[in-house]
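**Q** First the structure, which I've put down as structure tokens, then a few questions once you've had a look.
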Amino acid sequence: MIEIRRAADRTVRTMPGITTTHGFSSGAHYDPANLSFGRLIAHDVHVLAPGAGFDRHLHRGLEIVSWVLSGTLLHDGASAIRHGVVQHLSAGSGVEHEERNGGTDELRFVQMWLLADAPLGEPAYRTGAVDVPGARFVVVTGAARLAAAPFVHAFVADGTARVGATELAAGDEARISAEAVDVEARGELLVWEMLRPISASA
């Protein structure tokens with residue numbers, strides 16, 4: 001089964017210097033029918049003005065993966081992430097961090113949260129690779145075949161894409177359940193293949 005959700009279906013939240021579109025239920029935009037897909041519980045696109053950011057805050061029990069579309073993401077005042085380099089923070093039993101626009105241009109990035117496995121371990125931070133047991137993250141930039149998995153989430157981060165017989169624009173997504181699908185990305189298609197549902201996680 002393939003469920004298509006369009007960019008217009010995403011909810012929008014604005015704060016000073018920050019605009020976020022949410023793929024799942026979030027905060028005041030509570031939707032009990034859209035809480036998660038597999039282990040994925042948040043799929044946000046953040047747009048940060050120069051100097052704007054998220055002040056230090058706490059996470060626990062999450063795998064947090066960020067993909068920069070344009071600009072520079074500054075993590076904890078030290079690690080500068082730009083387009084083409086994935087960032088993965090395993091929050092484990094608890095970690096505080098901050099994220100800011102580290103450049104002079106607008107920052108656009110996608111951030112995805114997955115529930116972590118139990119028991120929760122020590123926090124870990126890495127760039128250039130994603131290591132989430134039971135889930136695989138890949139960026140598709142051409143033609144590919146997505147293997148059948150219990151949960152496959154495909155998001156058009158940039159450009160357009162075809163998923164099966166359906167054309168998608170930037171900001172559109174496909175939620176695919178137990179079905180192999182041919183895709184063609186004319187830009188960037190961010191894909192999660194997940195083997196387990198949310199109930200199997202902490």
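The values are calculated or read from the model by the stated rules, or taken from the named source; none is laboratory data. All values derive from a computational prediction rather than experimental measurement. So basically every Cβ, Gly included, is an ideal-geometry build from the backbone, and we count neighbours across all protein chains shown. Each accessible area value is taken on the protein alone, full model and side chains, heavy atoms only, with ligands, DNA and RNA left out. Shrake-Rupley method; radii C 1.70, N 1.55, O 1.52, S 1.80 Å.
**Q** Less than 17 Å from a label point 7 Å out along the Cα-to-Cβ axis of L120: which backbone N atoms in the stretch 58-99 qualify, by residue?
**A** In the stretch 58-99, the label zone of L120 (backbone N under 17 Å from the point 7 Å along Cα→Cβ) covers 58-65, 89-98.
**Q** Now for a different question. Given labels modelled 7 Å from the Cα in the Cβ direction, how far is it in nm from A78 to I4?
**A** 4.6 nm
**Q** Still on this structure: Using a 1.4 Å probe, what is the accessible area per residue for the stretch 1-142, in Å²?
**A** Value returned for the stretch 1-142: 47 Å² of accessible area per residue.
**Q** I would also like to ask the following. Can you give me the P(r) profile for the stretch 57-202? Cα pairs, bins 10 angstrom wide beginning at 0, each as a whole percent.
**A** For the stretch 57-202, the pair-distance distribution reads 11, 38, 35, 15, 1.
**Q** Chymotrypsin sites (Phe, Trp or Tyr not before Pro), restricted to the stretch 13-60: which are DSSP loop and have at most 10 other Cβ atoms within 10 Å?
**A** Numbers: sites: F24, Y30, F37, F54; in loops: F24, Y30.
Answer by residue number: Y30.
**Q** At a 1.4 Å probe radius, carbon and sulfur cover how many percent of the accessible area of the chain? Mind dumping the intermediate values first?
**A** Values: 4710 of 8880 Å².
Ligands and nucleic acids excluded, carbon and sulfur give 53 percent.
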